[in-house]
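A.B. asks: Quick one: structure below, then a few questions.
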Amino acid sequence: MMQIRDQFLKTALMTSMILCITLESRAAQHKTREDARPNILFIMSDDHAAHAVGAYRSRLAKLNPTPVIDTLAQEGILFENCFVTNSICTPSRACIITGQYNHVNGAHTLAGRIAPENQYLAIEMRRAGYQTAMIGKWHLKEEPNFDYYKVLPGQGSYHDPSFKEKTAGAWPNNVVQMQGHSSDCITDSTLAWLKDRDKTRPFFLMHHYKAPHDMFTNAPRYDVYLEDVDIPEPESMWRQPDFGSIATRGHRDECLPFIGTSIGRRHVFRNYTKSYAKDPSLSDEAAKRLAYQVYLKKFLRCVKGVDDNLGRLFDYLKQEGIFDETVVIYTGDQGFMLGEHDYMDKRWMYDESQRMPFLVRYPASIRPGQRTDAIVENVDFGPTMLDFAGAATPPYMQGRSFKSICETGREPPNWKQAAYYRYWMHMAHHWNPSHFGIRTKDYKLIFYYGCDMNGGNQTPPGWELYDLKEDPREVNNVYDNPDYAETVGRLKQQLAQLRRRIQDTDEDFPEIKQVVEAFWDYDETAKAKAIQISHDYAARERSRSTRNRTPRNRSTRPGRKAVILPGGYIKTTDSKAPLQIHAGFPEISRTATYRISHPGPAGFNPDNAYLLSGENPPQKPHAFHSAEDAEQPFIVVKLEKPGPVRYIRIVNRTNGFHERAEGLTVWVSANEQDWRQLWQAEKVAAEWLVDVGEDTVCRYIKIGLPRRGTLHLNKVIVFGK
Ligand SMILES: [Ca+2]
């Protein structure tokens, strides 16, 4: 018995000793591994296209725009084929933080948002033992799920920006203000956080600039940068005989004036001569040249501010001795057209807009001076950074780590040979039709299905194929060339498979699905239908442009400057348009004034003054754009005197953009203090008629704009007595 007990004790002792040793060695191992893990610094700017990074050797490289960023390529690896899956801000950021494509993470458009519990990359990094921080432009609308954050609200301001800071109270009222240019302020904020961080643990830091997003404002020290320099022009701004298709040009080019924001005067509504080359005596060619020069210089001055600030940031990391212990990544949230094809802005699947700059420096495992043509997508960023942190890719992420490509320059077995692309915001803002497509190393196949999410506002569906080896500038669409028939067939098949694999099959968008199916094979019937859609679209837009240009309209617009009265009320622009009548009640809002809760460049421009006037807003198809991130956006209409109000007509733009009406509400008040809610929109519509009912005497009418998403109000008309 004693022997057995001794044996038991001995065994127990041995077991616990082994256990102790195991635990100890695990702890030691863990400590060593944790200490050895690199910091991860993910730097992203906004709209900084790869061809505006010197290391990408484009026509702009000779200007030496980014000497600091270029050192990452000299000392690390540069990705030549890194692609965004949806070339616009919020959707790209959503892909990065979730590791999922937009049809899965739900952020199809600028209105998208990612809830804290879905900010997987930050969550997984924290789980892996990293301290996490997000500083700068965020644009995912919900509170960042990081240990520390200091983020711009929405797009943020270039000058004296405010931020929401984790340590300054509860979201969303935790606002702090800084003085100076946003690129300087964001860098200062990151340096402050770095100095203050827990130095016993590795960090994962997302450092995001607002620059060089448009509505450019550079820091004053860059005012003279490139002043006397002639910025090289892209050849395709002038010459590209076989570029595009019926989808982007219309049948026999009839839609050229109505698709894609232009540099020159091509696009009747949206072109940059209107901002930067207004002199009507300039020839078309001179106006285009001038607008291009002005635009590019403004853009590059903001780029320079980013690059210089990164010099400051890298110097700090070197001083602290952690530059070599940090995986430093530089990227932009998407690419950007800089005059190529006479286009400006992102959204397109053409290379300049689809390609993201992507450079990584980590001398411990990445050899200097490498370049790779491996195809990687923004959904792969999260898995790659987690891999550097020693963490596995969670199963719900659709991307895959390319850490081994960074380290070896070679693609692992079964690495992707194609990138998927999809743009949803049909004809919004910059007049780009919705499309999807596939990009391999050799070819690009684009399908413009051309409708909004409800199948509306159709533009002509069409296909484009570019042979990238023969035609890297994408100026010869060879879709209809019989020599490429086999390639077209193969790529279509590959595209369909890819869509199935990543589950982008439009089950939630039956109207789109119908259009896709009808125009997939693009036989003679489909072609004829596309021509008819082209005629219809061109006629629609031609009539709109003629309306906007008639001398009658001009003469009835005496002043383009809105008059702002005390209390922030805006006097509407005078109008000679006849007053409207509804059900026997005349329009009584023409003499009213109004105020908006978020005045400023983003929420207010002189066009808004037409909201109550009976005139159509010039140039822009909407009078009021509810800021997508505003906390409480609303408009108050103040009638000239109190009186019975019977109907309110609210006109929405509904220009095909997937608008939302969730939260659109109308209240009335006699004194601007006690509000009575009258009505709430159930769904998006071109316009709403609110039946106020009888016996409603009021002076103030408040229209609360959607809290989620955006809505473009064109007009508010109040009928009463
Ligand atoms: Ca962007």
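A.B. asks: Within segment 197-251, take every residue that is in a helix (DSSP H, G or I) and touching a helix residue (DSSP H, G or I) at 6+ places or on another chain (Cβ under 7 Å) and give me the one that is farthest from GLU320 (Cα to Cα).
C.D. replies: Here the residue is HIS251.
A.B. asks: Follow-up. Determine whether segment 71-80 contains at least one residue that is β-branched (Val, Ile, Thr), surrounded by 23 or more Cβ atoms within 10 Å (Cβ to Cβ) and within 16 Å of the ligand (Cβ to nearest atom).
C.D. replies: There is no residue in segment 71-80 that is β-branched (Val, Ile, Thr), surrounded by 23 or more Cβ atoms within 10 Å (Cβ to Cβ) and within 16 Å of the ligand (Cβ to nearest atom).
A.B. asks: In segment 133-172, how many are in a loop (DSSP other than H, G, I, E, B) and either touching a residue at least 12 places away in the same chain (Cβ under 8 Å) or in contact with an Asp or Glu (Cβ under 8 Å, 6 or more places away or on another chain) (or both)?
C.D. replies: Summing the residues that are in a loop (DSSP other than H, G, I, E, B) and either touching a residue at least 12 places away in the same chain (Cβ under 8 Å) or in contact with an Asp or Glu (Cβ under 8 Å, 6 or more places away or on another chain) (or both) in segment 133-172 gives 20.
A.B. asks: Here is a further query. Is there any pair with a first residue in segment 685-701 that is free of Cβ contacts under 8 Å to residues at least 40 places away in the same chain and a second that is of a type in the set (Val, Ile, Thr) and outside any strand (DSSP E or B) whose Cβ atoms are under 6 Å apart and which are 6 or more apart or on different chains, and what are they?
C.D. replies: ALA686/THR654
A.B. asks: Can you find a residue that is polar (S, T, N, Q), at pLDDT below 95, under 23 Å from the mean Cα position of the chain (by Cα) and surrounded by fewer than 16 Cβ atoms within 10 Å (Cβ to Cβ) anywhere in segment 155-165?
C.D. replies: yes
A.B. asks: Now a separate question. Could you tell me which of the residues SER262, SER245, SER236 is of a type in the set (Gly, Ala, Ser), buried (at least 22 other Cβ atoms within 10 Å of the Cβ) and touching a residue at least 60 places away in the same chain (Cβ under 8 Å)?
C.D. replies: SER262
A.B. asks: Do you know which of the residues in segment 306-334 that are within 16 Å of the ligand (Cβ to nearest atom) and farther than 19 Å from ILE77 by Cβ is surrounded by the most Cβ atoms within 10 Å (Cβ to Cβ)?
C.D. replies: Here the answer is ASP333.
A.B. asks: Take the conditions small (Gly, Ala, Ser) and more than 16 Å from the ligand (Cβ to nearest atom) and apply them to SER353. Does it pass?
C.D. replies: no
A.B. asks: Further question: Could you list, in sequence order, all residues of segment 335-347 that are within 19 Å of GLU233 (Cα to Cα) and either within 16 Å of the ligand (Cβ to nearest atom) or among the hydroxyl-bearing types (Ser, Thr, Tyr) (or both)?
C.D. replies: Of everything in segment 335-347, those that are within 19 Å of GLU233 (Cα to Cα) and either within 16 Å of the ligand (Cβ to nearest atom) or among the hydroxyl-bearing types (Ser, Thr, Tyr) (or both) turn out to be GLY335, PHE336, MET337, LEU338, TYR343, MET344, ASP345, LYS346.
A.B. asks: Take the residues in segment 200-217 that are among the aromatic types (Phe, Trp, Tyr) and either within 17 Å of LEU296 (Cα to Cα) or crowded, with 23+ Cβ neighbours inside 10 Å (or both), then tell me which one is nearest to the ligand (Cβ to nearest atom).
C.D. replies: Taking the candidates together, the pick is TYR209.
The values are calculated or read from the model by the stated rules, or taken from the named source; none is laboratory data. Everything numeric here is computed off the predicted structure, so don't read it as measured data. Because the Cβ atoms are built from the backbone with ideal geometry, glycine has one as well, and the counts that use them run over all protein chains shown.
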